[in-house]
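Have a look at the structure below, then the notes.
The values are calculated or read from the model by the stated rules, or taken from the named source; none is laboratory data. Predicted model only: the values in this text are computed from it and were never measured. Neighbour counts are summed over all protein chains in view; Cβ atoms, including those assigned to glycine, are modelled from backbone coordinates with ideal geometry. Accessible surface is based on the protein model in full, side chains and every heavy atom, while ligands, DNA and RNA are left aside. Shrake-Rupley method; radii C 1.70, N 1.55, O 1.52, S 1.80 Å.
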Amino acid sequence: MRFQAPESLSEQIAQHIGQRIVTGDLEPGERIQELKVAGELNVSRGSVREALLILQRRHLVEIFPRRGAVVSRLTPELVNSLYDIYIDLLCMLGRKVLERWSGEQLSGVMGQVRELQAVIDALNSSGGDAAEQVIDAGFGVMRYAYGLVENPFLEETLENFRPAISRTYFVALENFRDELEETGRFFRLLADAAIRGDSPGLEQAICEFGEHQRQQVLSILREEVSA
């Protein structure tokens, strides 16, 4: 049996601000004023300060003396560092799933992927919240895998990366509309490999999609620099 403590107020505030950063509502370099946020959310400045420290650990904000918290900038160095380790962690998650479960026992994976595909099929590519819905559905597949593996350390580590990877994922989906279908294709390949018990195929799908997404984000950053 697993017991999960309710999220603290600071964590809830961090998730609220973090989502605004992920979706670009708060732009890189923009200052986050503790007093203003506290007033908007009707919470104490102490809770906001704790939330900003959480976001700093998640690499969504930077905190400077006398200047306070500002939204961090996506840089090629940050993106490369993120994908270097995130791809390896996803491969580890995939291997652990196949080590513990056989193809017949993984039918639930296909159910999760069908749900994701239904989200993609139902979305209008011009919809403003398309990226958010696909990102959430994609992490739903990961949460299913967590339950199969039952490794709290791996789960916690991957979840800590979720805000940063969601931010880059959002950038890719917002700038390349064909990424919606590419995401669906990736999860179908992932599910097929899992059902077959094909560990090399599973890792290849993860690596190829991760590298594809890395390059998409890097190309956007290069365009911003040259603009």
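With a 1.4 Å probe and all protein chains kept in place, how do 212, 59 rank by accessible area, largest first?
59, 212
Can you give me the relative contact order of the chain as a percent, contacts being Cα pairs under 8 Å and 6 or more apart?
25 percent
Provide the per-residue ³J(HN,Hα) series for the stretch 107-118, in order, calculated from phi with Karplus coefficients 6.51, -1.76, 1.60 and θ = phi - 60°, each as a whole number of Hz, with x at glycine and proline positions.
Karplus-based 3J(HN,Hα) across the stretch 107-118 equals 4, x, 4, 5, x, 5, 5, 4, 5, 4, 5, 4 Hz.
Which ³J(HN,Hα) values, rounded to whole Hz and listed in residue order, are derived for the stretch 174-188 from phi using the Karplus coefficients 6.51, -1.76 and 1.60 in 6.51 cos²θ - 1.76 cosθ + 1.60 with θ = phi - 60°, glycine and proline given as x?
6, 9, 10, 5, 6, 5, 4, 5, 4, 5, x, 5, 4, 5, 5
Along Cα→Cβ, 7 Å out, is where each label goes; now give me the distance between the ones at residue 219 and residue 64 in nm to one decimal.
3.3 nm
Using a 1.4 angstrom probe on the protein heavy atoms only, line up 55, 90, 41 by accessible area, largest first.
Per-residue accessible area, sorted high to low, gives 41, 90, 55.
In whole Å, how far is the Cα centre of the stretch 137-159 from that of the stretch 3-79?
Taking the Cα centre of the stretch 3-79 as reference, the centre of the stretch 137-159 is 24 Å away.
Once the whole set of protein chains is in place, how much accessible area is left on residue 72, using a 1.4 Å probe, in Å² to the nearest 10?
Spelled out: residue 72, probe radius 1.4 Å, area about 10 Å².
Report, in deg cm²/dmol and to the nearest 500, the calculated mean residue ellipticity at 222 nm for the chain, where each DSSP H run with n ≥ 4 adds -39500 (n - 2.57) and the sum is divided by the residue count.
-25000 deg cm²/dmol
Just the accessible area per residue of the chain, please: how many Å² with a 1.4 Å probe?
55 Å²
Given the options 138, 44, 24, identify the residue whose Cα lies farthest towards the positive end of the charge dipole of the chain (+1 on Cβ of Lys, Arg; -1 on Cβ of Asp, Glu).
Checking the options against the dipole of the chain, the answer is 44.
Quick one: pull the percent of accessible area on the stretch 36-116 belonging to carbon and sulfur, 1.4 Å probe, ligands and nucleic acids left out.
Ligands and nucleic acids excluded, carbon and sulfur reach 50 percent.
Between residue 41 and residue 195, what's the calculated FRET efficiency when r is the beta-carbon distance and R0 is 30 Å? Round to 0.05.
Result of the calculation: an efficiency of 0.10.
If you average the sequence gap of Cα pairs under 8 Å that are 6 or more apart and divide by the length of the stretch 112-227, what percent do you get for the contact order? Can you show the working numbers first?
Working: 56 pairs, mean separation 32.3, N = 116.
That works out to 28 percent.
When the accessible area of the stretch 120-227 is computed with all protein chains present and a 1.4 Å probe, what percentage of it is carbon and sulfur?
Details: 2680 of 5160 Å².
With neighbouring chains kept in place, the figure for the stretch 120-227 is 52 percent.
For residue 19 and residue 57, compute 0.36 nm times the residue count separating them, minus their Cα-Cα distance, and round to one decimal in nm.
This chain segment gains 12.2 nm when fully extended.
Per residue of the stretch 198-205, what does 6.51 cos²θ - 1.76 cosθ + 1.60 with θ = phi - 60° give for ³J(HN,Hα)? Whole Hz please, x for Gly and Pro, Karplus curve as stated.
8, 5, x, x, 4, 5, 5, 4
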